[in-house]
Amino acid sequence: MRSDDEMGLPKLAAPARRALSAAGYTRLDQLAQVSESDLTKLHGMGTTAIAALREALHERGLSFHAGVPASDHLHGVAGSPGEVDEYLRGVEEPGRSTLQTLRRTILEIVPDAEQVISYRVPAFRVRGETVAGFAAFKNHLSYLPFSGSVLSQLADELDGYAMTKSSLHFPVDRPLPKVLVKKLIAVRLAQVGGRSR
């Protein structure tokens, strides 16, 4: 049995790898059944490892289980524009301004969208379906279509961007063009519209 890559886990320090292995977690998808607070209780699991796992999950359209302490109001799908404001306050500049621009753009495109925190990141719901979201990481920002098939449908328009199946990465100091965000949301709205018929 080889490395973290085969298990789908990101590169982690030895104590974190041992902690996961001892707890029986050998694949990234297993961590979607575990809350972040439970993982932090494992001996050897530090904040750097948790952050790496969180990002790896996001890149695959997954997240930690929402079963976190009631005092943590950023779990599951909950919230309001105020909680999105709170998330943005925690983002360093210039990322904060870039994400605020993206937020305004999304709300111009879907003005009736409900702003929520979903899987610990800002998201936008239309008629109960999450159609867009974003997240801040140390060296990039991510646009999240909340679908694993939106980005592939816009491959030509996304040429030059780094991405995973369900996460479009862009620089911390350069917002996504409005015309591109409009296309991303249109594809996602078509998906959820087709499901609800």
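The values are calculated or read from the model by the stated rules, or taken from the named source; none is laboratory data. Model, not experiment: these values are computed from the prediction. Backbone-built Cβ (ideal geometry, glycine too); neighbour counts: all protein chains shown. For accessibility, only protein heavy atoms count, side chains too; no ligands or nucleic acids. Shrake-Rupley method; radii C 1.70, N 1.55, O 1.52, S 1.80 Å.
Once the convex hull of all Cα atoms in region 99-143 is built, its volume per residue stands at 64 Å³. Here, the chain has an Rg and a Dmax of 17.1, 50 Å when only alpha carbons are counted.
Candidate cross-link partners of Lys178 among the lysines, defined by an alpha-carbon separation under 23 Å and a same-chain spacing of 8 or more, comprise Lys165.
If you put +1 on each Lys and Arg Cβ and -1 on each Asp and Glu Cβ, how big is the dipole of the chain around its Cα centre, in Debye rounded to 20?
Value, rounded to 20: 260 debye.
Relative contact order for the chain using alpha-carbon pairs under 8 Å, separation at least 6, rounded to a whole percent? Can you show the working numbers first?
Details: 284 pairs, mean separation 31.7, N = 197.
Worked out over the chain, it gives 16 percent.
When shorter helices are ignored and each DSSP H run of at least 4 residues is given -39500 (n - 2.57), the per-residue value for the chain at 222 nm works out to -11500 deg cm²/dmol.
I'd like the orientation of helix 95-109 relative to the chain: the angle between its Cα long axis and the longest Cα principal axis, in ° from 0 to 90, rounded to 10. Computed tilt is about 50 degrees.
Report the full-extension gain for the segment Ala186 to Ala32: residue separation times 0.36 nm, less the Cα-Cα distance, to one decimal in nm.
In short, 52.6 nm is gained.
For the chain, with all protein chains in place and a probe radius of 1.4 Å, 51% of the accessible heavy-atom surface sits on carbon or sulfur. The calculated FRET efficiency for Lys41 paired with Arg127, based on their beta-carbon distance and R0 = 45 Å, is about 0.75.
Approximating the spin labels as points 7 Å out from Cα along Cα→Cβ, the Thr101-to-Asp156 distance works out to 2.6 nm.
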